[in-house]
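Note sheet for the following structure.
The values are calculated or read from the model by the stated rules, or taken from the named source; none is laboratory data. Keep in mind the model is a prediction, meaning the values are calculated, not measured. We place every Cβ from the backbone using ideal geometry, glycine too, and count neighbours over all the protein chains shown.
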Amino acid sequence: MAERKPESVYRNTRQRTRIMELLRSTDTHPTANWIYDQMKNEFPSLSLGTVYRNLNILEEQGLLVRISSGGTFDRFDAVVRTHPHFRCRNCGSLYDIRIKDQPYYLLPGDRSTGHLVENLLIEYQGICGSCLEDGKHLN
């Protein structure tokens, strides 16, 4: 895991602030393309490359989490604490899932196990409620 840089290393920009606002306003864990589409009217000279650069800076600062899907596009989450996600194998949606009173099984964060745990990713995979209701998973 890369060393996190403090926020003060980078000056805050309106674009970076807007990216965080967008990420905090949704639980769908959007792609950089989605973020770009949401911002391009507000910032006409914005490029997709600028969005990626800002996402990388925010990740370095520990303000967001990159969720790699093994596919083409990473997704981004402003909730940086450990929490589970659900990924629908039918529609591809990815969102936070809340499970009351379910513990996370973690290795201790110290080296007593011979490991140094820096992160835990929990992802449930299956069919989301919308696809089940619509019967779309039967196609």
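Structure summary
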item: Spans of strands (runs of 3 or more DSSP E) in the stretch 22-94 with at least 2 residues without any contact (Cβ under 8 Å) to a residue 24 or more places away in the chain; result: 65-67
item: In the stretch 105-137, residue modelled with the lowest pLDDT [restricted to those that are over 21 Å from the mean Cα position of the chain (by Cα) and either among the aliphatic types (A, V, I, L, M) or not assigned by TED's automatic domain parsing to the domain that holds Gly92 (or both)]; result: Leu107
item: Residue check for Ser45: closer than 22 Å to Ile97 by Cβ and surrounded by fewer than 12 Cβ atoms within 10 Å (Cβ to Cβ); result: no
item: Flag if Thr17 is hydroxyl-bearing (Ser, Thr, Tyr), modelled with pLDDT of 90 or more and either surrounded by 13 or more Cβ atoms within 10 Å (Cβ to Cβ) or closer than 20 Å to Asn119 by Cβ (or both); result: no
